[in-house]
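A short write-up of the structure that comes next.
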Amino acid sequence: MKLQKNNLLSMQIKLSPEDFEPATKQEQEDLNKLTANTSYWKDAWRRLKQNKIAMISLVVIILFIIFAFVGPSLSPYTYDQQVRGDENMAPNLKHLFGTDQLGRDLLTRVMVGSRISIIIGVGSALIVLIIGSLYGSIAGLLGGVTDNIMMRIVEIIYSVPDILIIILLQIVIKEPLQKAFDSGSALGWLQKLGPGIVAIFIVYGLLYWVGMARIVRGQVLQLKQMEYINAASALGANNKRLILKHLLPNCIGTLIITTMLQIPSAIFTESFLSFLGLGVSVPMASLGSLASEALNGVQSYPYRLLFPAIAISIIILAFNLFGDGLRDALDPKMKK
Amino acid sequence: MGSQNNENLIEIKNLKKYFPIKSGFKTSNVKAVDDVSLFIKKGETLGLVGESGCGKTTLGRTILRLHEPSGGQILYNGTDITKANMHPLRRKMQIIFQDPYASLDPRMTVGDIVGEPLDIHKMFQNKKDRQEKIYSLLETVGLNREHANRFPHEFSGGQRQRIGIARALAVEPEFIVCDEPVSALDVSIQAQIVNMLEDLQAEKGFTYLFIAHDLSIVKHISNRIGVMYLGHLVELTESKELYRNPLHPYTQTLLSAIPIADPKTSRSKNRIVLEGDIPSPLNPPSGCPFRTRCPHATERCAQERPELKEYGSGHFAACHNIKQ
């Protein structure tokens, strides 16, 4: 269609009502698709789905969680059941991963051990998340002298040797904890884990939140310059509201990523401590303690070390890769 | 200056806001607002103009105590609020921000943004009433109730500014600081927003402090206009009087810079061009802040700071060289 001009030099085009026609169904739909609201989470999920490694890790994590939490109830054995006559068996159809010197099914023990490891990983990460994000955001928001003092405390804690504290703490809390277990029944499941694991939780609560606190403080220092924080204080919002409603929701990406990457590091610390004999108490199993027990007969029964070691590696690798993928998905600026 | 009567909603006396700058062991001050006194009558619009960095925004925010004043007094309805607990006063004094993209929390729905002041001041116990209030606020500023469930990034600049205005209106304030509310918007939208602010004022009797650097908009909306230069108020008068008879040399320069949409008059117009740049507020000139660029500066200007004096009824200016 050739467009007629009003006059030769003008830029105006002569239009009549016939030049317009209603948009077709297809065109309307296309327009809707173009303007469809892409929220932050949808966008992040779309980017995450494109990342194959992250998606594979996610599937591995989910399978592992099923393995660890549903698995033990499907197994014909319990983790502390000693099957007479089945001692020191190599992997076979009756015991897929073999048995140890007391005749306990290794598959069940690896499943239960993985469960402990995941509980510790997620639990410690949550402790770190709560303490770290609150501490960091308070320091960042208040600023000035308060911030200075709070961050010096963080630096002091940073320099404390954590393994030493765990060992000392375990010795100190062992007795009072045992008394508490004997008197009260509410702590029943903690009792099963033993004072070693409780000490690990406490140490995470005492020492490991500092990294999170630093990251959150940095974010808050940046976010509190934003105009909407000014707007909220002009409306009369107090600091609690600023932190919980505005600052923390706006660093949710960082919080999720840091927490996700905290999980494998906590699992590793637990395995390491259990390997040294500082973790769960017998007969409870964790991946680290299984590896440690296996070390005695590693020459004759290498598979006993192999299975828990593979489990540790898979969990840590999957959580790390998934955390990395999540970082790319939640923070589009990080992507190349 | 200023008559102490009940008509003044806001009165500020010798207000100062200094920002300390630390360099090594030395601490120096940026004098963003220095010794400003003015009053705002109930129901009027006071325009505040001046070039970038002259302290307009800082003045507006200091009045709301978003910055703590370094000196001077702020009176609201005759009571000193310089040290008062601001929480109850936040319902009386509100602010509309310059940048509609930065002033709305990206993680909150529009309904929650507009409803936040209602929650902070616990204005509604009932969820349904609160929701109705949010809808009515959105409708007041020309948005739909369906918009309440959306997020700020789904809106255009003009719509976002309307959301910001709805949020400020939620507490039913008396006094609103409009901190360059239209300078981030394009011209056709500017007119819509300015007209809406005027309609709201006619309907609800708001008092505005309207900060802007666009002189034509300020002229359109203001009853009186204050001119700021380097943290000081240099002239304050009725808006017509300012355009007809600017007394301060800086105001004269500012007015001569307004572009005229007619080439013929524009060419014949005598434009005053200033020499040099604005001096640094870290190290302001002695005496009159404008003397370094003033075509009429004398010895006296370097030694004495001119006080804001009244020339004719309600026309204040701070200059030594006004003959009247």
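The values are calculated or read from the model by the stated rules, or taken from the named source; none is laboratory data. The shown structure was predicted, so the numbers you read here are calculated from the model rather than taken from an experiment. Please note: Cβ atoms are built from the backbone with ideal geometry, for glycine as well, and neighbour counts cover all protein chains shown.
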Taking into account only those residues within segment B:248-264 that are surrounded by fewer than 23 Cβ atoms within 10 Å (Cβ to Cβ) and among the aliphatic types (A, V, I, L, M), which is farthest from B:Val234 (Cα to Cα)? B:Ala261
Take B:Ile40 and decide whether it is within 14 Å of chain A (Cβ to nearest Cβ) and of a type outside the set (S, T, N, Q). no
Test for B:Gln159: is it away from chain A (no Cβ under 13 Å) and either closer than 29 Å to A:Ile243 by Cβ or β-branched (Val, Ile, Thr) (or both): yes
Being touching a strand residue (DSSP E or B) at 6+ places or on another chain (Cβ under 6 Å) and assigned to a loop (DSSP other than H, G, I, E, B) is the filter here, so list the residues in segment B:45-66 that pass it. B:Gly50, B:Cys54, B:Gly55, B:Leu64
Taking the condition of being assigned to a helix (DSSP H, G or I), closer than 23 Å to B:Pro285 by Cα and within 18 Å of the chain's Cα centre (by Cα), how many residues in segment B:228-271 meet it? 2
So, in segment B:33-69, of the ones that are at pLDDT 90 or above and in contact with a Phe, Trp or Tyr (Cβ under 6 Å, 6 or more places away or on another chain), which residue ends up farthest from B:Lys17 (Cα to Cα)? B:Thr45
Give me the residue from segment A:209-238 that is among the polar types (S, T, N, Q) and within 10 Å of chain B (Cβ to nearest Cβ) and, out of that set, nearest to B:Asp105 (Cα to Cα). A:Asn230
With the structure loaded, tell me whether B:Ile211 is within 14 Å of another protein chain (Cβ to nearest Cβ) and modelled with pLDDT of 90 or more or whether it fails that test. no
Scanning for something farther than 16 Å from B:Ile12 by Cβ, within 12 Å of chain A (Cβ to nearest Cβ) and part of a loop (DSSP other than H, G, I, E, B), does segment B:69-87 turn up at least one residue? yes
Taking segment B:100-117 as the search range and keeping residues that are more than 7 Å from every other protein chain (Cβ to nearest Cβ), surrounded by 19 or more Cβ atoms within 10 Å (Cβ to Cβ) and not in a loop (DSSP other than H, G, I, E, B), which one is farthest from the chain's Cα centre (by Cα)? B:Gly111
Which residue out of B:Ile217, B:Ile163, B:Ile176 is part of a helix (DSSP H, G or I) and either among the small types (Gly, Ala, Ser) or under 28 Å from B:Ala148 (Cα atoms) (or both)? B:Ile163
Go through B:Ile63, B:Ile96 for me and flag whichever is more than 8 Å from every other protein chain (Cβ to nearest Cβ), of a type in the set (A, V, I, L, M, F, W, C), crowded, with 18+ Cβ neighbours inside 10 Å and closer than 21 Å to A:Lys245 by Cβ. B:Ile96
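Could you say whether any residue in segment A:155-163 is out of contact with any strand residue (DSSP E or B) (no Cβ under 7 Å at 6 or more places or on another chain), of a type in the set (Gly, Ala, Ser) and surrounded by 12 or more Cβ atoms within 10 Å (Cβ to Cβ)?
Within segment A:155-163, not a single residue is out of contact with any strand residue (DSSP E or B) (no Cβ under 7 Å at 6 or more places or on another chain), of a type in the set (Gly, Ala, Ser) and surrounded by 12 or more Cβ atoms within 10 Å (Cβ to Cβ).
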Let me confirm something: among A:Pro91, A:Pro72, which residue is part of a helix (DSSP H, G or I), touching a Phe, Trp or Tyr at 6+ places or on another chain (Cβ under 8 Å), in contact (Cβ under 8 Å) with a residue 12 or more places away in the chain and farther than 17 Å from A:Gly323 by Cα? A:Pro72
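Say we look at segment B:141-166 and pick out the residues that are over 23 Å from the mean Cα position of the chain (by Cα) and either of a type in the set (D, E, K, R) or under 16 Å from B:Glu203 (Cβ atoms) (or both); which of these is surrounded by the most Cβ atoms within 10 Å (Cβ to Cβ)? If you could, list the steps in order and put the result at the bottom.
In the first step, residues of segment B:141-166 are kept if they are over 23 Å from the mean Cα position of the chain (by Cα); the result is B:142-156.
From the residues that got through so far, the ones that are either of a type in the set (D, E, K, R) or under 16 Å from B:Glu203 (Cβ atoms) (or both) too are B:142, B:145-146, B:150, B:154.
Working: B:Gly142: 14, B:Arg145: 15, B:Glu146: 10, B:Arg150: 17, B:Glu154: 15.
Filtering first and then ranking leaves B:Arg150.
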So A:Ala54, is it of a type in the set (Gly, Ala, Ser) and at pLDDT 80 or above: yes
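Could you please let me know if B:Glu174 is touching a strand residue (DSSP E or B) at 6+ places or on another chain (Cβ under 8 Å), within 14 Å of chain A (Cβ to nearest Cβ), crowded, with 18+ Cβ neighbours inside 10 Å and over 29 Å from A:Lys42 (Cα atoms)? Break it down into steps so the answer makes sense when it comes.
Values: touching a strand residue (DSSP E or B) at 6+ places or on another chain (Cβ under 8 Å): yes; within 14 Å of chain A (Cβ to nearest Cβ): no; crowded, with 18+ Cβ neighbours inside 10 Å: yes; over 29 Å from A:Lys42 (Cα atoms): yes.
Taking the combined requirement at face value, the residue does not satisfy it.
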Scanning segment B:118-133 residue by residue, those facing chain A (nearest Cβ under 8 Å) and part of a helix (DSSP H, G or I) turn out to be B:Ile120
When the residues of segment B:134-155 are narrowed to those that are out of contact with any Leu (no Cβ under 7 Å at 6 or more places or on another chain), within 12 Å of another protein chain (Cβ to nearest Cβ) and not aromatic (Phe, Trp, Tyr), which ends up nearest to B:Gly111 (Cα to Cα)? B:Asn149
